[in-house]
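Step one of this worksheet: look at the structure below.
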Amino acid sequence: MLGIIQDNWLLLLVGQYPKGPLGGLALTLILSVMGLVLSFPISIGIALCRTSPIRMLYVGSTVLVYIVRGIPLVMFVFWGYFLVPILVGHSVTAFTTLICTLIVYEAAYLSEVVRAGIQALPKGQVEASRALGLGYWKTNLWVIMPQALYNMVPSLISQFVSIIKETSIGYVISVQELTFAANQINSNLLTRPFPVFLILAITYFAVCFVLTQCAQHLERTITRKRSPKMAHPRSMSNDSVLEGQ
Amino acid sequence: MIRFSKVSKWYGDYQALTDVTAEVKAGEVVVICGPSGSGKSTLIRTVNRLEEIKSGAIYVNGQDIHAPGLKINDFRSGIGFVFQSFNLFPHLSVTENVCLAPVRVSGRSKGEARDHAMALLERVGLAHKANAYPAQLSGGQQQRVAIARALAMNPPVMLFDEPTSALDPEMVGEVLSVMKSLARDGMTMVCVTHEMGFAREVSDRIWFMDRGVILEENSPNEFFTAPQHARSKAFLSDLRSH
């Protein structure tokens, strides 16, 4: 197994690069980061529609989310593969297809994370903000989103872990990411599928495990910060109202 | 300053307010009291349109607050509102809580807003907590910050929705004393409260509500010594029996 790693580590890490296109783990991470970063703003939009009192926005976004969540990712990859070229009028790379698919798919899933983050806040937060004269958008920008996004960081990292694993589906349309690289190695060696795919599994696991640990650590930190500290012994000093009593 | 004219409101089949007609004059302190579920909070929340009404009209400074074209956010920023559960913004410091509306609604500079915030915090006795976060404050301190925040836009009228009901008993006094000082300074105030001592000492008028109707409007002296309505008599004797 070590021999396989020694001979192929570069292929697993960066694919054919620099002689060919970038691939391997590097491409997997690039796909994942792009998928997360590009789908996130869209997911905020969907979440706002899902919490909107305007019926049309609510129904539309809810239908979208339920459809996406009820269909396997690989279906979307196939659709993207055939649909995106028709929509844009020329053929696109497998990489573009996969990114487009991931954005649609993750936006729907992330929107549920964002929606949960918004709805977990006490209703009084919105009321207090509106009562001060902040409108819908200002309330979201200055009061709701800063709290909701901060609280949802651990969930975002969990979703990122999911995306990393989901990029392996790119293999079916020949995006040269980590799984594709491992399969190439397997084709070269022919007789040693078990160690090759074990190395693949360990690689995915190592990356995802580190991220999950980060998420847990952050979650603990956030919980600690958000829970009210022990009530301080009431100090009368400097407090003119208390001193006056 | 605030005039209710035949205001009615339903929650589904339940009528929360029935033809409420009443007026709060400038500089007056009105205390609304009555049993739970009588519509006190609902009534006070209709004034800045946190609750919409089904029929009737409400005028603030002569302005119909349901008139089409009313700039709701400008209107709301001119009314101070204090909630039972404080509702401070936990991600912002005390000063930032107080500065939020002046900076984001009126577009005042941060420095100017901060100076004004410090003066207000001084007034509620919490200047030394300017950089603390809400979670680091006691309930009474949080409510005093909430009052400073509501004062930040210099509203001519302040509404209090059971401001001491969520507090431990020993913290009620500090919030009431801030409210008393506001009343002494001539602020127009409408307070929903169960603090009858406060009502007696500070208010100019008492409205007694039950089942969505104002049953009695009276001066505090008359109300506590010679209540007119049978329901107010029963309410007061229930209070005294504790």
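The values are calculated or read from the model by the stated rules, or taken from the named source; none is laboratory data. Treat the numbers as computed from the prediction; the structure is a model and nothing was measured. Neighbour counts run over all protein chains shown; Cβ positions are idealised from the backbone, glycine included. Please note that ligands, DNA and RNA were not included when accessible areas were found on the heavy atoms of the full protein model with its side chains. Shrake-Rupley method; radii C 1.70, N 1.55, O 1.52, S 1.80 Å.
Comparing B:Leu70, B:Leu151, B:Leu182, which has the greatest mean-square fluctuation in the GNM of chain B with Cα pairs linked when under 10 Å apart?
Among B:Leu70, B:Leu151, B:Leu182, the largest GNM mean-square fluctuation belongs to B:Leu70.
The stretch B:57-176: D in µm²/s via Stokes-Einstein (Kirkwood Rh, Cα pairs, 37 °C, 0.692 mPa s)?
220
Would you grab the residues whose amide H sits under 5 Å from the one on B:Phe81? Only those 5+ places off in sequence or on another chain, please, with H modelled 1.01 Å from N.
B:Leu159
Could you work out the Kirkwood radius for the stretch A:159-232, taking every pair of different alpha carbons, averaging 1/r and inverting it, reported in Å?
14.9
Can you give me the distance in nm between label points at B:Ala234 and B:Lys54, each placed 7 Å from the Cα along the Cα-to-Cβ direction?
That separation, rounded to one decimal, is 2.3 nm.
With every protein chain kept in place and ligands, DNA and RNA left out, what is the accessible area per residue of the stretch A:39-130? Probe 1.4 Å, answer in Å².
51
Can you compute the radius of gyration and Dmax for the stretch B:148-242, using only the Cα atoms, both in Å?
14.2, 42
When you take every Cα atom in chain B, what is the radius of gyration, and what is Dmax, the widest Cα pair distance, in Å?
18.0, 55
Suppose we keep just the DSSP beta bridges with both residues in chain B; what percent of those would be antiparallel, to 5?
55
Can you work out the PRE-style zone for B:Lys6? Point 7 Å along Cα to Cβ, and I want the residues of the stretch B:193-215 with backbone N under 18 Å.
Of the residues in the stretch B:193-215, B:213-214 have backbone N under 18 Å from the label point off B:Lys6.
How long is chain A along each principal axis, judged by its Cα atoms, biggest number first, in Å?
Sorted from largest, the Cα extents of chain A read 86, 45, 30 Å.
For a bin width of 10 Å, list the pair-distance distribution of the protein assembly as shown built from all Cα-Cα distances, rounded to whole %.
Result returned by the calculation: 4, 16, 21, 19, 14, 11, 8, 5, 2, 0, 0.
How tilted is helix A:178-189 with respect to the longest principal axis of chain A? Cα atoms for both, answer in degrees (0 to 90, nearest 10).
It is inclined by approximately 20 degrees.
Nearest 500 deg cm²/dmol is fine: what mean residue ellipticity at 222 nm does chain A get from its DSSP H runs of n ≥ 4 alone, each adding -39,500 (n - 2.57), divided by its residue count?
Rounded to the nearest 500, it is -24000 deg cm²/dmol.
Could you pull out every residue, at least 5 positions away or on a different chain, whose amide H is within less than 5 Å of the one on B:Gly34? Hs are placed 1.01 Å off N in the peptide plane, and Pro or chain starts have none.
B:Met209
When the label point is put 7 Å from the Cα of A:Trp137 along its Cα-to-beta-carbon vector, which residues of the stretch B:67-103 have a backbone N closer than 17 Å?
Under 17 Å, as judged by backbone N against the label point of A:Trp137, lie B:71-74 of the stretch B:67-103.
Using the 2.2 N^0.38 Å rule of thumb for compact globular proteins, work out how the stretch B:1-64 stacks up: its C-alpha Rg over that value, please.
So the stretch B:1-64 has a normalised radius of gyration of 1.07.
Out of A:Thr167, A:Thr221, A:Thr28, any idea which swings most in a Gaussian network model of chain A, alpha carbons joined below 10 Å?
A:Thr221
Suppose we compare each residue of the stretch A:105-140 in its chain alone and in the full protein complex with a 1.4 Å probe; which ones drop by at least 10 Å² of accessible area?
Going by heavy-atom accessible area, the residues of the stretch A:105-140 that drop by at least 10 Å² are A:Gly124, A:Gln125, A:Glu127, A:Ala128, A:Arg130, A:Ala131, A:Leu132, A:Gly133, A:Leu134, A:Gly135, A:Lys138.
Taking the Cα centre of each part, how many Å lie between the stretch A:135-206 and the stretch B:14-46?
Each part's Cα centre sits 56 Å from the other's.
Could you compute how much accessible surface B:Tyr133 exposes when probed at 1.4 Å, giving the result in Å² to the nearest 10?
90
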